[in-house]
Every structure is written in C-alpha cells, then in structure tokens.
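Before any comments, here is the structure.
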Amino acid sequence: MKIFTQQGVKSGAFVWLGLSVLLVSGCCENGVRTESQTLEKEEWLGALSSTFDGVSLRLNNYTPNDHEFSAEDVSAFYKPDDSYLRVDALDLDIAFDIPLQRQNPYSIYINDVNSTSFEPDARSRKGLITIFFEEGGTEIVGNCVDNIACICGDPRIDLNDMKIEVWLSVGAAGGRLTISDIAAELSSTYEETGPCVDNACAFACDLFAADRESQMREAIEEQVVNHFNSYRGIIEGLFNDHLESLGVSGEITSASIGTEGELLLIVQSDDPSC
C-alpha cells in the first residue's frame, strides 16, 4: 500500500502495506483528517472476485405439475418462492418470488435458471457485475389458457449463452460506500420450440404474443433489478468488507468510479494531532 499525504504544502511518505493505495491529497483540521484515496481497478476488483465466488442466483416460478400450488387455470403451473439469492460470505440464503407474466392467452413462466458465476468489473464509470448462467434446458415456458389458439399447444423458449449485466452507480452515505442506482441488461441467443415454430399454428403465437421474446427479457431484467434493489445492502456489505481488507479505514464521505475503473474515495478519520 502506497500512501502520500499533502498537508498545506507538499510533504509525504511512502509506506508499503502490501497493496498500493495512493492517497493523493489530504488535510487535517479540528481533530479530523480528510484524505482522498485512489484504488486502481486491478487492486480493488482483483480480490473481490473471490468474494463473488460464493454468490449464486436461481430464477424459477414454474412447476411441471399443473395446479400443484394454484387452483386457477391462469396460474396452473405457478410455483411461488422458488427463487433465491445465496451469499456464502455472509451466510445468507434469501428466497423470493417471481410474479407470473401474462401475455393473453399465454401465461409465461421462468424455468430453472441458475447462475454459474458472478464476475465483478468496472466500466463507463460504473461498477459491473456480470452473472453467467448454465446452459441446457428450456428457460421460458408458455401455457395457453382458454383460447382457440390453445389447440396448437404451448410455446417454449431456450435462452443460450445467457448472461445478465448488472450496472451499479456508487456513492457514499453513513460513512460507507453505497450503491445509488442499479440497472440490468439480459443478453442471450434465442431459440424457440413448440407450436410457435415452423408449423401451421405459428401464426397464433405472432398474432397473440408478437413481443413474447422482449417481454420475457424485460420481465427477467425487472426481477433482477427489483431484487438487487431489495438486497442492495448485502452487496454494499460485500464491497465495504472488501475495502476494509484493503486497509481503507475511517468514514467514506465520497465515492465514485473513474474513467479507467479506479475507485475514488474521500475518507475522514479522527486525528488528535490536528
């Protein structure tokens, strides 16, 4: 760790503590020392990757057994509270529910979507967590309800090479790094099976559910954002614990990400000498 402090005129000392954190300016007044710190991208993100090794996400609201949890035809295959976010580092296992999506005459379910890895990064002055998902299986299951088009059967969608990019804007409050805004973007290749492809019934899917692909993408993105917002304190905890392990102490009064992915902090701490 490399430390440089300016106090009125330029003066400083370089102290090695393992990782190089550069304090590029500082002042000390009324018993409080204020210093700016810059953590280079590879330093603050490198060790954070191992923390996210213990994070997993499951998205599911589908059961193959009709009316197992609901007596209503419109939600015949709905399975509540079968999604979760797990964080091994904090010993957390949080179950949550994904609401059923409707695009009349279809009920649309998310089926057994499981993450394989979380990879942290920083781009465009924001934090980025990319969630990668396992391959194989059918991720989107449609069920046609009470319509003449239902004689054609139910659509299925496979999402291959699926990943979700979660973009995080950072700030500071209460002496800690905080996440001030969250956005998500899902990307994948799209392969449809069932009655919506290459048969006489395909017109029904286009007639009744022309935007079924974009609707499901938006539904998944919305759920990811909703639950990251609900549990943003968990993510903030992971980041702040990591910063402490890098030697950042005191109260963080400002935090932002620079153009090269560096983390820019202003930190205040008690100092009786000033």
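Here are a few things to note about the model shown:
- Considering only residues in segment 153-173 that are at pLDDT below 90 and of a type in the set (Asp, Glu), the one that is farthest from ASP241 (Cα to Cα) turns out to be ASP154.
- Test: residue in segment 137-154 that is of a type in the set (S, T, N, Q), free of Cβ contacts under 8 Å to residues at least 40 places away in the same chain, assigned to a strand (DSSP E or B) and touching a strand residue (DSSP E or B) at 6+ places or on another chain (Cβ under 9 Å): no
- Residues satisfying the stated conditions in segment 249-263, i.e. over 22 Å from the mean Cα position of the chain (by Cα) and either within 14 Å of LEU45 (Cβ to Cβ) or crowded, with 20+ Cβ neighbours inside 10 Å (or both): ILE252
- With respect to the conditions (1) over 30 Å from GLY237 (Cα atoms); (2) in contact with a strand residue (DSSP E or B) (Cβ under 6 Å, 6 or more places away or on another chain); (3) modelled with pLDDT of 90 or more, LEU128 falls short on a single one, namely (1).
- Any chance VAL74 is closer than 24 Å to THR116 by Cα and touching a Ser or Thr at 6+ places or on another chain (Cβ under 9 Å): no
- Residue within segment 24-38 that is at positive phi and at pLDDT 95 or above present: no
- Selection from segment 68-81 of residues that are out of contact with any Asp or Glu (no Cβ under 8 Å at 6 or more places or on another chain) and of a type outside the set (A, V, I, L, M, F, W, C): GLU68, SER70, GLU72, SER75, TYR78
- Of residues in segment 204-248 being more than 18 Å from ILE129 (Cα to Cα) and at pLDDT 80 or above, the one surrounded by the fewest Cβ atoms within 10 Å (Cβ to Cβ): GLU244
- A residue that is out of contact with any Gly (no Cβ under 9 Å at 6 or more places or on another chain), modelled with pLDDT of 80 or more and not in a strand (DSSP E or B) occurs somewhere in segment 174-186.
- Per the conditions (1) under 21 Å from the mean Cα position of the chain (by Cα); (2) farther than 16 Å from ASN143 by Cβ, the sole criterion not satisfied by THR38 is (1).
- Filtering segment 239-259 to residues that are small (Gly, Ala, Ser) and either in contact with a strand residue (DSSP E or B) (Cβ under 6 Å, 6 or more places away or on another chain) or in a loop (DSSP other than H, G, I, E, B) (or both) leaves GLY247, SER249, GLY250, SER254, ALA255, SER256, GLY258.
The values are calculated or read from the model by the stated rules, or taken from the named source; none is laboratory data. In this text the structure is predicted, and so the values were computed from the model without any measurement. Here the Cβ is made from the backbone with ideal geometry for all residues, glycine too, and neighbour counts use every protein chain on show.
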